[in-house]
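Undergrad: First the structure, then my questions, so here it is.
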Amino acid sequence: MSLRPPRTPSSQEVEGLKGWIVNNFLEENLLVYTPIPFEAFLGMRTQRHSVYGRWEICGLESVVAGKKVLDVGTNCGADALLAAICGAKSVTAIDQFPRYIHVVNELAKMYGYENIEARVQRFEDVNFEEEKYDVIIAFSVFNNVCAKSGFEALKSLLGRIAKCTGVLFVENGVDDVKWVAWETEVPQALQESGFRSVELLGKTFATHIGRDRYLWRCVGARA
């Protein structure tokens, strides 16, 4: 499989998007998480202690090929673009913040990926029953659902996913200290939500918070 994009953007396009990010992400510089330039982005995809090391641990490069993929909490589109690069049939990238969606759409245009659709949407509002995704990538998002809506809401959401999804990949997120029981509550919720199997795959280390993050594979009814 070729890991080259269909299109190579001009230096002006790359610098223009970098400038937009710097100007619109005032509280933090997210360029480190943004897949530009392309060569540096690909070089990071197998670094175990980086945001991209998750793909190596989950084996996602082969899993997404030919599949309908949902990237939840897409941020600046790293996982969405990786899915497209690795041959996903289609990629839907969602985030509740419009500025992230702007970046993902610009990246899709820059690199020529017409099978990426980015839209502003909350995870809880996805119509899983109708859209029927083969693969859902949900890295560091369930902590936000639980912190905002509670444990029972999390279990309800996972139950909906289990009934009509192929495989769900989950990474715990521990940035929100209000939810201190993540490491016990999420495994419990995954086990009780109707997945055919739940497997702990491994962990990465989040250097900015000094803690491990655990990765799970949950097999749903459509697998």
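Undergrad: Suppose each label sits 7 Å from its Cα in the direction of the beta carbon; what would the Ser156-Asn115 distance come out to in nanometres?
TA: About 3.5 nm, to one decimal.
Undergrad: Using the per-residue mean of other Cβ atoms lying within 10 Å as a proxy for protection, in what order, highest first, do the peptides 74-86, 147-159, 90-102 fall?
TA: Going by the mean number of other Cβ atoms within 10 Å, highest first, we get 74-86, 90-102, 147-159.
Undergrad: Work out, step by step, the length gained on full extension between Gln12 and Lys132: first 0.36 nm times the residue separation, then minus their alpha carbon distance; give nm to one decimal.
TA: Numbers: separation 120, 0.36 × 120 = 43.20 nm, distance 3.84 nm.
Contour length minus Cα-Cα distance gives 39.4 nm.
Undergrad: Moving on to the next point. Applying 1/(1 + (r/R0)^6) with R0 = 30 Å to the Cβ-Cβ distance of Ala147 and Asn23, what FRET efficiency is obtained, to the nearest 0.05? Don't skip to the end; give the middle numbers.
TA: Details: r = 30 Å, r/R0 = 0.98.
That gives a FRET efficiency of 0.50.
Undergrad: Still on this structure, I have one more. Please give the peptides 193-199, 55-61 ranked by average Cβ packing (other Cβ atoms within 10 Å per residue), highest first, as a rough proxy for protection.
TA: Details: 193-199: 16.3, 55-61: 18.9.
Packing proxy ranking, top to bottom: 55-61, 193-199.
Undergrad: Excluding residues fewer than 8 places away in the same chain, name every one of the lysines whose C-alpha is closer than 29 Å to that of Lys148.
TA: Lys68, Lys132, Lys163, Lys178, Lys203
Undergrad: Once you put a point 7 Å from the Cα of Arg196 and another 7 Å from the Cα of Phe97, both along the Cβ direction, what distance in nm separates them?
TA: 3.7 nm
Undergrad: Taking other Cβ within 10 Å of each residue's Cβ, how do Trp20, Trp216 sort, fewest first?
TA: Values: Trp20 14, Trp216 21.
Ranking Trp20, Trp216 by Cβ neighbours within 10 Å, fewest first, gives Trp20, Trp216.
Read the figures in this text as sums done on the coordinates, not as results from a lab. Only a predicted model underlies this, so the values are computations on that prediction, with no experimental measurement involved. With ideal geometry, Cβ positions are generated from the backbone for all residues, glycine too; neighbour counts draw on all protein chains shown.
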